[in-house]
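S.K.: Right, I'll just put the structure down here and ask away after.
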Amino acid sequence: MISIAERGIRSFIAIQLPRELRSALHELALPLQSLSLNVKWVPESNYHLTLKFLGDVAPDDIQGLDTQLQSLAERECFNLSLGGWGMFPSPKRPSVLWAGLGGELETLQRLWMDLQNCLSGRVYPRDQRWHPHITMGRFRSPDHLDNLNTKLQKTPSFDHIGCFTVSGLSLMESRLSPVGPSYHLQSFHEFKAKVK
């Protein structure tokens with residue numbers, strides 16, 4: 001068996017969603033999950049916004065990564081909201097069903113760019129494009145898409161869920177298993193309180 005020291009810790013940097021928001025989003029997704037779709041649905045507990053997938057990180061590199069993330073956290077909190085469904089790469093040939101985001105998106109984009117710049121001197125490749133989203137499910141095949149599109153048009157708006165405050169960056173570990181990945185917090189880097 002390969003040890004963690006040999007293979008590294010499968011890691012990513014994320015913004016976590018409040019529990020009540022994950023629950024509300026899951027409730028909105030239930031009508032979609034009842035359709036005859038060949039989709040692997042993401043468990044409610046795994047809903048999050050990925051900022052950067054790092055891959056396998058050597059345990060000795062975690063402390064240095066934490067130092068860089070702490071420097072990135074020297075900024076104010078900001079607000080986001082959920083808004084709308086979408087599919088990658090296109091609705092006709094989707095691989096991912098996602099929930100979109102609204103709110104202070106320019107602030108979110110600056111955070112993502114700063115993260116890219118912060119990690120550019122390390123072994124992590126720079127992402128060329130990024131579309132912020134919450135992954136809800138992954139398509140195994142595009143069967144019954146007409147049913148999905150019809151249901152999406154009838155699904156209630158996200159507006160009633162409300163906003164949430166992005167209060168920091170989370171360094172997460174992804175542990176793979178036959179039933180799917182589970183995510184575990186490695187460290188949290190808190191933002192400053194917003195000046196009113």
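S.K.: Would you say Phe78 is touching a Phe, Trp or Tyr at 6+ places or on another chain (Cβ under 9 Å) and either of a type in the set (Asp, Glu) or over 30 Å from Leu145 (Cα atoms) (or both)?
M.R.: The answer is yes for Phe78.
S.K.: For residues in the stretch 34-44 being in contact (Cβ under 8 Å) with a residue 24 or more places away in the chain and not in a strand (DSSP E or B), which is surrounded by the fewest Cβ atoms within 10 Å (Cβ to Cβ)? Break it down stepwise before answering.
M.R.: Of the stretch 34-44, the ones in contact (Cβ under 8 Å) with a residue 24 or more places away in the chain are 35-43.
Remaining after also requiring not in a strand (DSSP E or B): 35-38, 42-43.
Values: Leu35: 13, Ser36: 9, Leu37: 21, Asn38: 11, Val42: 21, Pro43: 13.
So the residue we want is Ser36.
S.K.: A further question on this structure: Are any residues in the stretch 94-103 of a type outside the set (Gly, Ala, Ser) and more than 14 Å from the chain's Cα centre (by Cα), and if so, which ones? Give the steps one after another, and end with the answer.
M.R.: Restricting attention to the stretch 94-103, the residues satisfying the condition of being of a type outside the set (Gly, Ala, Ser) are 94, 96-98, 101.
Within the stretch 94-103, Pro94 is the sole residue that qualifies.
S.K.: Quick check on Ile15: is it farther than 21 Å from Arg140 by Cα, assigned to a helix (DSSP H, G or I), at pLDDT 90 or above and not aromatic (Phe, Trp, Tyr)? Show your work before the answer.
M.R.: Working: farther than 21 Å from Arg140 by Cα: yes; assigned to a helix (DSSP H, G or I): no; at pLDDT 90 or above: yes; not aromatic (Phe, Trp, Tyr): yes.
For Ile15, the condition - farther than 21 Å from Arg140 by Cα, assigned to a helix (DSSP H, G or I), at pLDDT 90 or above and not aromatic (Phe, Trp, Tyr) - is not met.
S.K.: Now for a different question. Being at pLDDT 95 or above and touching a helix residue (DSSP H, G or I) at 6+ places or on another chain (Cβ under 7 Å) is the filter here; which residues of the stretch 27-44 pass it?
M.R.: Once the filter is applied, which keeps residues that are at pLDDT 95 or above and touching a helix residue (DSSP H, G or I) at 6+ places or on another chain (Cβ under 7 Å), the stretch 27-44 yields Trp41, Glu44.
S.K.: Can you tell me which residues in the stretch 46-93 are among the hydroxyl-bearing types (Ser, Thr, Tyr), under 15 Å from the mean Cα position of the chain (by Cα) and closer than 21 Å to Arg126 by Cβ? Give the derivation first.
M.R.: Step one: filter the stretch 46-93 for residues among the hydroxyl-bearing types (Ser, Thr, Tyr), giving 47, 50, 67, 71, 81, 90.
Going one step further and asking which of them are under 15 Å from the mean Cα position of the chain (by Cα), we end up with 47, 50, 81.
Answer for the stretch 46-93, where residues must be among the hydroxyl-bearing types (Ser, Thr, Tyr), under 15 Å from the mean Cα position of the chain (by Cα) and closer than 21 Å to Arg126 by Cβ: just Thr50.
S.K.: Please give the number of the condition Phe88 fails out of (1) within 18 Å of Thr165 (Cα to Cα); (2) modelled with pLDDT under 95; (3) not basic (Lys, Arg).
M.R.: For Phe88, the failing item is (1).
S.K.: If you scan the stretch 84-115, which residues turn out to be outside any loop (DSSP other than H, G, I, E, B), touching a helix residue (DSSP H, G or I) at 6+ places or on another chain (Cβ under 9 Å) and surrounded by 16 or more Cβ atoms within 10 Å (Cβ to Cβ)?
M.R.: Trp85, Met87, Leu97, Ala99, Leu101, Leu111, Leu115
S.K.: On the basis of being at pLDDT 85 or above, exposed (fewer than 15 other Cβ atoms within 10 Å of the Cβ), touching an Asp or Glu at 6+ places or on another chain (Cβ under 9 Å) and part of a strand (DSSP E or B), does His189 make the cut?
M.R.: In short, no.
S.K.: Moving on to the next point. Among the residues of the stretch 118-142, how many are surrounded by 15 or more Cβ atoms within 10 Å (Cβ to Cβ) and more than 29 Å from Val39 (Cα to Cα)?
M.R.: Of the residues in the stretch 118-142, 3 are surrounded by 15 or more Cβ atoms within 10 Å (Cβ to Cβ) and more than 29 Å from Val39 (Cα to Cα).
S.K.: List pairs: first residue in the stretch 59-86 and within 30 Å of Ile9 (Cβ to Cβ), second residue outside any strand (DSSP E or B) and basic (Lys, Arg) anywhere in the structure, Cβ distance under 7 angstrom, at least six positions apart or on different chains.
M.R.: Partner pairs satisfying both residue conditions: Glu76/Lys194; Cys77/Lys194.
The values are calculated or read from the model by the stated rules, or taken from the named source; none is laboratory data. Worth saying up front: this structure is predicted, and the values here are computed from it rather than measured. No Cβ is skipped: glycine too gets one built from the backbone with ideal geometry, and neighbour counts run over all protein chains shown.
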